[in-house]
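Following: one structure in structure tokens, then a few remarks.
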Amino acid sequence: MGVIISSYGKLLLASMGQTLLLTLLSLIFAMIVGFIFALMNVGKNRLFNFIGTVYVDAVRGVPLIVLAYFIYFGVPSGVNMLTGSSDFKLTALQAGTIALAMNCGAYMAEIIRAGIESVDKGQMEASRSLGLSYGKSMRLVVLPQAIRTMVPSIINQFIITLKDTSILSVIGFPELTNMGKTIVGSTFKSLQTWAIVGIMYMIVIVTLSKIAKRVERRINRGR
Amino acid sequence: MADKNIKVHVEHLKKNFGKLEVLKNISVDIEEGEVVVLLGPSGSGKSTFLRCLNQLEHATAGTIIVDGHDVTDKHTDINKVRENIGMVFQHFNLFPHKTVLQNIMLAPVELKKMTKEEAEEKGMRLLARVGMDDKADAFPSQLSGGQKQRVAIARALAMNPDIMLFDEPTSALDPEMVGEVLNVMKELAAEGMTMAVVTHEIGFAREVADRIIFMDGGYIVEQGTPDEVILHPKEARTQDFLNKVL
């Protein structure tokens, strides 16, 4: 174990950095995607409802690993077939971020939708009766209340996404799990390597969830 | 005074929820300064009628003209019309994440009717009027039901509406709190506010209403002064209802 840490410690930490970078980027986009589709789903426009439902169902119905392959290999090959060239390529970070953001975004959309629907509909009515538009009522009255109920689920989803980054080792993104594979490949020390990798994930996730608990408590204090 | 000035004109209003016909054919006018109380058994369509006036429910058929604006017309800016129609709900619907004063200031400031300072001043004046100025910085969760409803009335008044709709404003209150809310409403009526009130408070109706409309089964069964409807009801259904509630 000591050998691995002394000779691969820096690489492991760097790959943990990549994992966190991928997580962070994915989460930012997933929040945006989630909000857009959640708002589509709670509105009254039938077309938007339909698009929202199809998106959520489609993405949730496909394993992340398949989605990652599709975006990393499938989409560029399709684009190049259409344009008749071979110039279009996605980096593993780009494809990974898109796949994770799409995947996490679909779950996020459901969390946000449920959060919005948990707010008593009298709140929207009261706001509308004062002359505020639907958008303003949503932003000023409904969402601030919805977010409080959403926070625990969002934090949970963040943790799931962080763990899901490991799946993107299959498209060659140099994140922590991929580094583990590389180290095992050259040292043949499976037990030690995977133990270290596992512990690294655990430390980060436990730390994050502790911070998250704090944030959650603070948000709920004003209730 | 132009006391024949029609504030609300409703013609052949129908409202269905799926196959259920809640309002069957309602035509009614409300004059400026008039206090109209809607009575009737639950399920008779009183609340739905009230909610059609500011289009919280969309009419299935018929015309509703409020302040000269046809609210059933898709081209009408309903948000603009609603600014002039205050509504008070059975369950108060105060915004729990905002203080009492913030609840009142939200709409006037967001809709650029007033600056923050003006809205705050107006808010405090309205709170004083409903006897809640000492709770300006409290959150709704810290208030009793009667206090919540008085704040909700102040919130609706902050937009300077010229019509106020009350949808069972005292039905969710403990009995000892009903009076404080009704008193605020009485004052409002005395000041000449045009009001449409759905309530089960027959005493309030007798004392304050200019006209009582008795509804049942989606129709207006009869209407008239409190004396006519409450003391000398003509219709059997009205008599029956009054016998049960009095």
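Contact map, the stretch B:153-167: residues that are under 14 Å from B:Asp133 (Cα atoms) paired with residues that are in a strand (DSSP E or B), Cβ distance under 7 Å, separation 6+ or inter-chain. Pairs shown: B:Ile153/B:Val88. Per this entry, B:Leu101 is counted among residues that are more than 18 Å from B:Glu180 (Cα to Cα), more than 10 Å from chain A (Cβ to nearest Cβ) and crowded, with 21+ Cβ neighbours inside 10 Å. Residues in the stretch A:82-98 that are crowded, with 18+ Cβ neighbours inside 10 Å and among the small types (Gly, Ala, Ser): A:Ala92, A:Ala95, A:Gly96.
Considering (1) farther than 25 Å from B:Ser44 by Cβ; (2) buried (at least 20 other Cβ atoms within 10 Å of the Cβ); (3) acidic (Asp, Glu), the lone condition that B:Glu201 does not fulfil carries the number (1). Here B:Asn25 clears all of (1) more than 14 Å from chain A (Cβ to nearest Cβ); (2) closer than 30 Å to B:Met177 by Cβ except the condition numbered (2).
A single member of B:Gly179, B:Gly123 is over 25 Å from B:Gln55 (Cα atoms) and within 14 Å of another protein chain (Cβ to nearest Cβ), and it is B:Gly123.
Being more than 9 Å from chain A (Cβ to nearest Cβ) and surrounded by fewer than 19 Cβ atoms within 10 Å (Cβ to Cβ): is that true of B:Glu34 here? Spelling it out, it is not the case that B:Glu34 is more than 9 Å from chain A (Cβ to nearest Cβ) and surrounded by fewer than 19 Cβ atoms within 10 Å (Cβ to Cβ). Helices (runs of 4 or more DSSP H) fully within the stretch A:1-109 that include at least 3 residues being in contact with a Lys or Arg (Cβ under 8 Å, 6 or more places away or on another chain): A:2-42.
Of all the numbered requirements in (1) touching a helix residue (DSSP H, G or I) at 6+ places or on another chain (Cβ under 9 Å); (2) more than 22 Å from B:Met87 (Cβ to Cβ), B:Met195 misses one, and that requirement is (2). Restricting the first member to the stretch B:38-54 and to residues that are in contact (Cβ under 8 Å) with a residue 24 or more places away in the chain, and the second to residues that are among the aliphatic types (A, V, I, L, M) and in a loop (DSSP other than H, G, I, E, B), the beta-carbon pairs closer than 8 Å and six or more apart or on different chains are B:Cys52/B:Ala59; B:Leu53/B:Val71; B:Asn54/B:Val71. Only residues that are more than 10 Å from every other protein chain (Cβ to nearest Cβ), in contact with a Lys or Arg (Cβ under 6 Å, 6 or more places away or on another chain) and of a type in the set (S, T, N, Q) were counted across the stretch B:38-85, and they come to 2.
Could you grab the pairs with beta carbons closer than 6 Å, sequence gap of 6+ or different chains, first residue in the stretch A:126-141 and without any contact (Cβ under 8 Å) to a residue 60 or more places away in the chain and more than 7 Å from every other protein chain (Cβ to nearest Cβ), second one of a type in the set (Val, Ile, Thr) and assigned to a helix (DSSP H, G or I)? These pairs meet every condition: A:Ser127/A:Val141.
Among what's in the stretch B:126-149 and is within 14 Å of chain A (Cβ to nearest Cβ) and among the polar types (S, T, N, Q), pick the residue that is surrounded by the fewest Cβ atoms within 10 Å (Cβ to Cβ).
Taking the candidates together, the pick is B:Ser141.
Going through (1) outside any loop (DSSP other than H, G, I, E, B); (2) surrounded by 15 or more Cβ atoms within 10 Å (Cβ to Cβ) one by one, B:Ala59 falls short only on (1).
Every number here is computed from the coordinates shown, using simple stated rules; none is lab data. As the structure is a prediction and not an experimental result, all values here were calculated from the model. Quick reminder, even Gly has a Cβ in these numbers, built from the backbone with ideal geometry, and neighbours come from all protein chains shown.
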